[in-house]
1. Using the Karplus curve 6.51 cos²θ - 1.76 cosθ + 1.60 with θ = phi - 60°, work out ³J(HN,Hα) for each residue of region 122-129 in order, rounded to whole Hz, and write x for Gly and Pro.
2. Kindly work out what percent of the DSSP beta bridges joining two residues of region 1-143 are antiparallel, to the nearest 5.
3. On average, how much accessible surface per residue is there in the chain, in Å², for a 1.4 Å probe, leaving out ligands, DNA and RNA?
4. How many times 2.2 N^0.38 Å is the alpha carbon radius of gyration of the chain?
5. Mind listing the phi-derived Karplus ³J(HN,Hα) values for region 207-218, rounded to whole Hz, using 6.51, -1.76 and 1.60 with θ = phi - 60°, and x for any glycine or proline?
6. Among DSSP beta bridges lying fully in the chain, give the percent that are antiparallel, nearest 5.
7. Order of 244-250, 232-238, 11-17 by packing, highest average Cβ count within 10 Å first?
8. For the chain, what does the relative contact order come out to in percent, with C-alpha contacts under 8 Å and a separation of six or more?
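The values are calculated or read from the model by the stated rules, or taken from the named source; none is laboratory data. All figures in this text were calculated on a predicted structure; none of them were measured in a lab. Note that each Cβ is placed from the backbone with ideal geometry, even for glycine, and that neighbours are counted across all protein chains shown. Surface accessibility is based on the protein's heavy atoms, side chains included, excluding ligands, DNA and RNA. Shrake-Rupley method; radii C 1.70, N 1.55, O 1.52, S 1.80 Å.
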Amino acid sequence: MILVTGATGKVGGQAVSQLLDAGVAVRALTRDPASATLTLPEGAEVVRGDLADPATLDDALDGVESVFLVWPTLSADRAAPATIEAIAGRASRIVYVSARGVPDPVPGAPEQDPHSILGSHALVERLIERSGLEWTFLRPDGFAANTLVWASQIRETGTVRWIHGAASRALIHEGDIAAAGVSVLTGTGHAGARYVLSGPETLTQVEQVTVIGEAVGRPVRWEELSPEVALRGLLDQGWPPAAAEEMIDAYGQMVTSPEPATSTVEELTGRPATPFRRWAADHAGDFL
């Protein structure tokens with residue numbers, strides 16, 4: 001039995017479907033089983049539970065051998081020590097969806113800011129490393145699905161207003177993250193591995209917007225925002241200051257130091273990673 005958390009999200013949902021397709025028994029953790037059963041594929045066992053409340057996880061962890069962990073970054077970090085301890089008390093193996101940029105542990109190195117996104121992932125990684133579980137970390141590049149944050153702007157104005165249009169990264173399809181996880185969960189030889197996952201090509205944000213325009217059948221423009229204006233916007237949306245500043249700084253760094261594509265998805269799954277153009281075509285309706 002494999003427990004998938006974040007089972008109604010983009011990566012978790014893909015993991016549930018792909019594990020079922022592989023003939024594996026799957027249990028899906030969700031805070032709202034009633035609605036989850038409407039979206040999850042038939043065959044998944046749906047169980048109520050909340051990673052932010054370890055006391056709710058007993059039923060979900062009963063008889064589980066492995067866990068595919070999609071963590072609610074920052075929002076559940078207070079509960080992380082107790083939650084990882086609960087998982088380690090019942091399961092034997094965990095595959096954690098972390099993030100590219102989380103540093104490997106180095107003795108004496110300063111800790112990441114725990115209020116930042118990378119700091120949250122680093123916290124969970126360190127807890128898992130000390131838990132006694134057999135572990136594998138997936139460290140994906142930016143999710144292609146994160147460009148959906150532009151959808152309302154594209155629908156309403158045909159223009160994306162954001163920072164650092166020249167920032168380049170190899171965005172990854174959520175299905176490829178799940179496929180890498182399924183390969184690890186159903187295979188051997190992955191204990192203690194930290195896999196950096198990406199899409200097959202590096203595109204600037206301006207190029208990403210252009211590709212989305214081609215997918216929806218009309219031009220989409222890019223309008224550059226200053227980092228100061230973008231930071232104020234994130235803070236107004238309720239972002240923690242450390243996470244908002246980390247976001248702005250990260251995009252600035254990707255202008256001069258683009259995140260390179262890796263071949264890890266193909267190495268783990270036996271097929272090339274999905275191009276962003278294919279992702280945009282698959283999700284064109286979300287931008288209309």
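1. 4, 4, 5, 4, 5, 4, 5, 4
2. Working: 1 of 20 bridges.
Taking every DSSP beta bridge within region 1-143, about 5 percent pair in antiparallel fashion.
3. Working: 13150 Å² over 288 residues.
It amounts to 46 Å² per residue over the chain.
4. Numbers: Rg = 19.0 Å, N = 288, 2.2 N^0.38 = 18.9 Å.
For the chain, the normalised Cα radius of gyration comes out at 1.00.
5. Calculated HN-Hα couplings, in order: 5, 4, 5, 4, 4, 4, x, 5, 5, 8, x, 8 Hz.
6. On the way: 3 of 31 bridges.
Roughly 10 percent of the beta bridges in the chain run antiparallel, per DSSP.
7. On the way: 244-250: 17.6, 232-238: 11.6, 11-17: 24.6.
The densest-packed peptide leads the list: 11-17, 244-250, 232-238.
8. On the way: 554 pairs, mean separation 50.4, N = 288.
Over the chain, the number comes to 18 percent.
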